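Okay, structure first, notes after.
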Amino acid sequence: MKPTKVAAVVAGSVMALGAAAPAMAAGPAAAPAGLNNALGALTSSQPLKTDALSSTTDGSALKTVTDTADTVNETTQSAPLLGGLPLPK
């Protein structure tokens, strides 16, 4: 057989096996019933982090972006760039 015909037969066989195989799914999660129980499950696991956008907290997204922008600005002031290339003096 030619290689393309072999590839077609193998692909068809794999597709047939996939269609014949039963679908597997994880068991149902123990979801709390009712709005009060759901809210209780959400809030009891861990407290919400409210300082994610604080510019003073280490590890916050805003502080990381600000520090990175400051570093880039310091670098470009010492060696000006145009399109990522240094400008001749």
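The values are calculated or read from the model by the stated rules, or taken from the named source; none is laboratory data. Only a predicted model underlies this, so the values are computations on that prediction, with no experimental measurement involved. Glycine also receives a Cβ, built like all others from the backbone with ideal geometry; neighbour counts cover every protein chain displayed.
Quick look at the numbers
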item	result
Verdict on Thr76 being assigned to a helix (DSSP H, G or I) and at pLDDT below 70	yes
Cross-chain or 6+ apart pairs with Cβ under 8 Å, segment 52-69 first and part of a helix (DSSP H, G or I), then modelled with pLDDT of 80 or more and charged (D, E, K, R)	none
